[in-house]
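Enquirer: Okay, here's the structure, questions in a sec.
The values are calculated or read from the model by the stated rules, or taken from the named source; none is laboratory data. Everything numeric in this text was worked out from a predicted model, so none of it was measured. Glycine gets a Cβ as well: all are built from the backbone with ideal geometry, and neighbour counts include every protein chain shown.
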Amino acid sequence: MRCEHFRNIINEYIEGSLGDAMRDQAQAHLNRCEACQRELRFMQSIWRGLSTAPAVKPPADLHARIMTHVRANTRVRQAQQRVAFWRWAGAVAMAAGLFGMGFLAARSDGVQAAFGFGSSRPPAAEMPAPVPAGVFVVYRATEEGLRLPVLEARMNRAAAAELHYVPEAGLGKPMLVWKGTLQPSKTVEIPLRTLLQYSKERVLTLRWSVDGLDRVLYIPAGYPPAKIASVRLQAKLSDALRQLASVYQTPIEWVPNCAEPLVVLDVRDATLEDALRQLLIGTTYTLKRHGEAWRVMPQQ
């Protein structure tokens, strides 16, 4: 067994769902591979952190708000049904009158056209609202008053996805954090508290891949966010985005294309939006708000 194969089944190895033969091969590989031993210890720490992550306490008035919304929708539907009934009754009466007129002039094409005999239009089907798809960074408050970053991923179709943690340059190889299949209209939540504690970095760099297409997420601890800052830098775009995420303590998502330009920034008392727009001048990238993060993506 090679390292790549072991890393693809590491989650199944930890949860004990491998068959006997595959588990023996994995164990034999672990006995002689220190790199996979380190990765196993890292993944086990993440699993322990996920199992002990504090529960988010719902608002005290959550039930009341839900029931108020349900009752309001019920009243709206009842009112719509009453309006629909009287419209239907009026339409029946009008149709009866028109039928009598149309029967007397059934052979007149002009009268048939005027009253619409012989033609019908099916009612428009009400389409369900699409689920917002993508990767979203949200910060959730705990009972201890902490704000913990959580990664939410959802798609409107089935898609294979992977999440890798990328250490700072020169400090190690990317590590697989999560791998699986996203299902339509279902949200996958990945708490990032353990990763932040493990890395001890001010900003996490994560690579999210869906069906082979990559994007990079720069996720800070998240507190306290800075509304304005003064920044001066000259760096590659990826390094510059990481620095801005650290300075402003605000998530930034980057969708890279083939080229990574060298960028220059020199701003004083600027918001993150203003700093990013200034940073991207002369590049092939544009800026868009994406949940609690800013997304830097190629121009169309």
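Enquirer: Looking at the structure I just gave you, is A153 over 18 Å from V137 (Cα atoms), assigned to a strand (DSSP E or B) and touching a residue at least 12 places away in the same chain (Cβ under 8 Å)?
Expert: For A153, the condition - over 18 Å from V137 (Cα atoms), assigned to a strand (DSSP E or B) and touching a residue at least 12 places away in the same chain (Cβ under 8 Å) - is not met.
Enquirer: Quick one: I190 ticks every box in (1) touching a helix residue (DSSP H, G or I) at 6+ places or on another chain (Cβ under 7 Å); (2) crowded, with 18+ Cβ neighbours inside 10 Å; (3) closer than 27 Å to Q37 by Cα except a single one, so which number is it?
Expert: (1)
Enquirer: If you don't mind, there's one more thing I want to ask. Going by the structure shown, is K200 at positive phi, surrounded by fewer than 16 Cβ atoms within 10 Å (Cβ to Cβ) and of a type in the set (K, R)?
Expert: yes
Enquirer: Here is a follow-up. Tell me, please, whether a residue that is of a type in the set (D, E, K, R) and modelled with pLDDT under 90 can be found in segment 243-253.
Expert: No, that holds for no residue.
Enquirer: Same structure, new question: Can you say whether E168 is closer than 17 Å to A221 by Cβ, in a loop (DSSP other than H, G, I, E, B) and acidic (D, E), as far as the supplied structure shows?
Expert: yes
Enquirer: While we're looking at this one, here's another question. Only one of Q249, Q278, Q299, Q234 is under 21 Å from the mean Cα position of the chain (by Cα) and either surrounded by fewer than 15 Cβ atoms within 10 Å (Cβ to Cβ) or over 29 Å from L195 (Cβ atoms) (or both). Can you tell me which?
Expert: Selected residue: Q299, the only one of Q249, Q278, Q299, Q234 that is under 21 Å from the mean Cα position of the chain (by Cα) and either surrounded by fewer than 15 Cβ atoms within 10 Å (Cβ to Cβ) or over 29 Å from L195 (Cβ atoms) (or both).
Enquirer: Kindly indicate the residue of segment 150-165 that is within 21 Å of S238 (Cα to Cα) and at pLDDT 90 or above and also surrounded by the fewest Cβ atoms within 10 Å (Cβ to Cβ) among those meeting that condition.
Expert: E162
Enquirer: Just checking, which of Q234, Q278, Q249 is of a type in the set (S, T, N, Q) and under 22 Å from L148 (Cβ atoms)?
Expert: One residue alone meets the criteria, Q249.
Enquirer: Right, next: Name, by its number, the condition in (1) buried (at least 17 other Cβ atoms within 10 Å of the Cβ); (2) touching a residue at least 24 places away in the same chain (Cβ under 8 Å) that does not hold for A229.
Expert: Unmet for A229, out of (1) buried (at least 17 other Cβ atoms within 10 Å of the Cβ); (2) touching a residue at least 24 places away in the same chain (Cβ under 8 Å): (1).
Enquirer: Would it be correct to say that P256 is in a loop (DSSP other than H, G, I, E, B) and either under 18 Å from V138 (Cα atoms) or not assigned by TED's automatic domain parsing to the domain that holds E168 (or both)?
Expert: no
Enquirer: Hey, among A226, A221, A240, A245, which residue is farther than 22 Å from A141 by Cβ and not basic (K, R)?
Expert: From the options A226, A221, A240, A245, the qualifying one is A240.
Enquirer: Tell me, yes or no, whether segment 12-23 has at least one residue that is within 18 Å of M175 (Cα to Cα), of a type in the set (G, A, S) and assigned to a helix (DSSP H, G or I).
Expert: No: zero hits.
Enquirer: Select from segment 256-270 the residues that are surrounded by 15 or more Cβ atoms within 10 Å (Cβ to Cβ) and touching a residue at least 40 places away in the same chain (Cβ under 8 Å) and write down the one among them that is nearest to L196 (Cα to Cα).
Expert: Filtering first and then ranking leaves P256.
Enquirer: Taking the conditions exactly as written (in a loop (DSSP other than H, G, I, E, B), touching a Pro at 6+ places or on another chain (Cβ under 8 Å) and either under 20 Å from G222 (Cα atoms) or free of Cβ contacts under 8 Å to residues at least 60 places away in the same chain (or both)), does R207 satisfy them or not?
Expert: Criteria not met by R207.
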